[in-house]
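In what follows, a structure is listed as structure tokens, so that the remarks can point back to it.
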Protein chains: 2
Amino acid sequence: MSGGIHGDSAVLDRIKRGRALFALVVSYTRTAEIPGITAAGADADSIKCTPPADAELIQHGLCRSIRGIPATPDGKPTPALITRAALQAASIPRVTVDAGSMIRPRLPHVYTGMVPGEDISRYPAMTKNRTRQAISYGKQTAGMLSGMCDCLIVGESIPGGTTTALALMRGLNLQAKVSSSMPQNPHTIKQEAVESALGRLHTDDPLDVAAQTADPMIPFVAGMLGGASVPVLLAGGTQMLAVLALADRLGPIPNNVAICTTSYVAEDDTIRFRDQADIISPDTQVVSTDLLLQESRHDGLRAYARGFAKEGAGAGGAVIASRTRAGLDQNQMLELVDKEYDRIITLR
Amino acid sequence: MSGGIHGDSAVLDRIKRGRALFALVVSYTRTAEIPGITAAGADADSIKCTPPADAELIQHGLCRSIRGIPATPDGKPTPALITRAALQAASIPRVTVDAGSMIRPRLPHVYTGMVPGEDISRYPAMTKNRTRQAISYGKQTAGMLSGMCDCLIVGESIPGGTTTALALMRGLNLQAKVSSSMPQNPHTIKQEAVESALGRLHTDDPLDVAAQTADPMIPFVAGMLGGASVPVLLAGGTQMLAVLALADRLGPIPNNVAICTTSYVAEDDTIRFRDQADIISPDTQVVSTDLLLQESRHDGLRAYARGFAKEGAGAGGAVIASRTRAGLDQNQMLELVDKEYDRIITLR
């Protein structure tokens, strides 16, 4: 069963035996509006709709905020379809949390009152007070959700989020490298945005750094780690590293946290994910899974194995949790993902 | 242990053994603005804040939307403090659902996009389309929450809600009688509002009747009954009868539903609660509990035994669920409620 899952974690034991809950945190940063910085969405308008559409796909199996499903400009599908297939397979319940999305998901969801973050290449991401509030709302939300499960799986959907993750980690003096939804990581564009944000820093206070450089998702999920009374599985790639980095500066990271992602992120030599995680939080277990997408029947999914999308909407963590709970092997999960793609194509 | 709990229910068995979740549905009807119709709130402005403040008290133990806690004009406290004491005693997790509140609760809560209902003495409560949406949102919300628990306890906080409950039941041709938060039930004021609403009816289609006469909470919670995949305990008095009445007209009521309230409602000879429930839904178990509030150390709580407030914010159902889970007798629960009152007084 564990074929293709690398790493071990006490959190996975909890997922096997207890009740799991998947929370998708949707958010927005106007940094995503910098031309060329993200592939999440076919055009500028649809970028705004990607987070709610991901949430709708994961919870209901179809999008309401857009026609079809979120995709790159050339039609590669959102990783949320992988998340959907995985969570369905193990009947893992799910909830959407709006932590500053530009567009509200069209389904009942957890409302926090948070607003989108600014473009960090031009302005502070948010005020220090809003940063503090985001942490507090994250704590409260995780406290509430902890009562309803034995293990909380947290994914995110925020276009442009790897740029803010990079800026935050650099602001915290980490030698960070981040992934991208494009194989030719748009380093120059990202780097310019990051440098602009870092140029505004005059302190290493973590709240000030987050206020200048982050997006609303990062302090919110960092706050969740402090508020959860059950183990937390951070489902995501380098953006969840940024969450860990901020959480570490705000106080000790609880020892019942794991970070789970796809092998496309974990085994990318250019980002050295495990090394980064080890520096940021040595006690946090890293687990990754090979989705075998190079063997998919669909070209849009095979592209993941060539470096497109790679991760997002908690896909890697959802697959790891689902395989752990339902006892599915790699090939069975791939077949479920392919079938979910078949089903979604008929909806278009 | 079962002293003072009247009635039996398979739903209570589920509460004893499984994971329970308490959902407070907050809503608003402008019918509450008719002078003299409700005692929920010391003045017109604070009536609007009662639902969010109840939610804040139940989840966090203090109110953020108002100073102190919701109270009648002469200082009798909200039943939400009973709900709070009960849920804390049995560590039952809780969530707030905004189904059309005028003021948003100041805590992370489930957002539906619903808006307040109109004053039924003057206008239709809502459009037929919004009524249909409310049912649909209720279904979706209950479907989501069902994944997180083995039994769902649903309370409500909506000032003026007994008037809309009465109007709806009359509109559905039931010989309804409803309770009130005042011992001298303001029959004339309520009756005038109800007659105005009924005067607009030209059909017995349940959606039309609800659109003319109800408040947003009623179709929302009726929808929840259709969407829940676990047993549901309706925690409330005559307003929950209205929910059952509408749910019955929309389709068969699932057999895993119980209605739980205080003895102050269940044993009020003027409303004959059990008889009404039996007519509306013979298969729905009725359970009530005597809170022994005549023996409280606090005059504000003793008033409940004299006919003030009586029920609300799911108090009766929360006490029944909590006593069932935690094995508490009547006196132990009374002591916890009194202590909660002591604690709240120090916050003022």
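The values are calculated or read from the model by the stated rules, or taken from the named source; none is laboratory data. This is a predicted model, so every value here is computed, not measured. Glycine gets a Cβ as well: all are built from the backbone with ideal geometry, and neighbour counts include every protein chain shown. The area values use the complete protein model at the heavy-atom level, side chains included, leaving out ligands, DNA and RNA. Shrake-Rupley method; radii C 1.70, N 1.55, O 1.52, S 1.80 Å.
Points to keep in mind about this one:
- Yes/no for B:I158 being touching a strand residue (DSSP E or B) at 6+ places or on another chain (Cβ under 7 Å) and either over 21 Å from B:V257 (Cα atoms) or surrounded by fewer than 18 Cβ atoms within 10 Å (Cβ to Cβ) (or both): yes
- Members of the range A:115-139 found to be crowded, with 21+ Cβ neighbours inside 10 Å and closer than 26 Å to A:A321 by Cβ, listed by number: A:A134, A:I135, A:Y137, A:G138
Listed here are the residues, each with its yes/no results for (1) aliphatic (A, V, I, L, M); (2) over 30 Å from B:G223 (Cα atoms).
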{"position": "A:H109", "(1), (2)": "no, no"}
{"position": "A:G113", "(1), (2)": "no, no"}
{"position": "A:P116", "(1), (2)": "no, yes"}
{"position": "A:T127", "(1), (2)": "no, yes"}
{"position": "A:A134", "(1), (2)": "yes, yes"}
{"position": "A:K139", "(1), (2)": "no, yes"}
{"position": "A:G160", "(1), (2)": "no, yes"}
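- Contact annotation: residue pairs with Cβ atoms under 7 Å, 6 or more positions apart or on different chains, pairing a residue in the range B:35-52 that is more than 17 Å from B:G75 (Cβ to Cβ) and of a type in the set (A, V, I, L, M, F, W, C) with a partner that is modelled with pLDDT under 90 and not in a helix (DSSP H, G or I), are B:I37/B:P186.
- Top-ranked residue in the range B:39-52 [being part of a helix (DSSP H, G or I) and more than 14 Å from chain A (Cβ to nearest Cβ); ranked as most open to solvent (accessible area, probe 1.4 Å)]: B:D45
- Answer from A:R122, A:R64, A:R104 - the residue that is within 12 Å of chain B (Cβ to nearest Cβ), outside any helix (DSSP H, G or I) and modelled with pLDDT of 95 or more: A:R104
- A:M240 falls short on exactly one of the conditions (1) surrounded by fewer than 24 Cβ atoms within 10 Å (Cβ to Cβ); (2) modelled with pLDDT of 95 or more, and that condition is (1).
- In the set (1) within 14 Å of chain A (Cβ to nearest Cβ); (2) open to solvent by 20 Å² or more (accessible area, probe 1.4 Å); (3) among the hydroxyl-bearing types (S, T, Y), B:S146 fails one condition alone, (2).
- Among the candidates A:A71, A:A55, A:A86, residue that is in contact with a helix residue (DSSP H, G or I) (Cβ under 7 Å, 6 or more places away or on another chain), among the aliphatic types (A, V, I, L, M) and open to solvent by less than 30 Å² (accessible area, probe 1.4 Å): A:A86
- Note on the range A:89-101: among residues that are surrounded by fewer than 24 Cβ atoms within 10 Å (Cβ to Cβ) and in contact with a Ser or Thr (Cβ under 6 Å, 6 or more places away or on another chain), the one that is farthest from the other protein chains (Cβ to nearest Cβ) is A:A89.
- The range A:1-34, residues that are modelled with pLDDT of 90 or more and aliphatic (A, V, I, L, M): A:A20, A:L21, A:A23, A:L24, A:V25, A:V26, A:A32, A:I34
- Remark: B:T127 matches the filter, which requires a residue to be away from chain A (no Cβ under 14 Å), hydroxyl-bearing (S, T, Y) and more than 30 Å from B:L12 (Cβ to Cβ).
- Among residues of the range B:3-26, those that are within 14 Å of chain A (Cβ to nearest Cβ) and open to solvent by less than 10 Å² (accessible area, probe 1.4 Å), counted: 7
- Residues of the range A:195-206 satisfying the condition of being touching a residue at least 24 places away in the same chain (Cβ under 8 Å) and open to solvent by 30 Å² or more (accessible area, probe 1.4 Å): A:S196, A:L198, A:R200, A:L201, A:D204
- In the range A:92-122, the residues that are more than 18 Å from the chain's Cα centre (by Cα) and small (G, A, S): A:G113, A:S121
- For the range A:63-84, a tally of residues being among the small types (G, A, S), at negative phi and touching a Lys or Arg at 6+ places or on another chain (Cβ under 7 Å) returns 1.
- For B:P216, the conditions (1) within 14 Å of chain A (Cβ to nearest Cβ); (2) farther than 16 Å from B:T31 by Cα all hold with the exception of (2).
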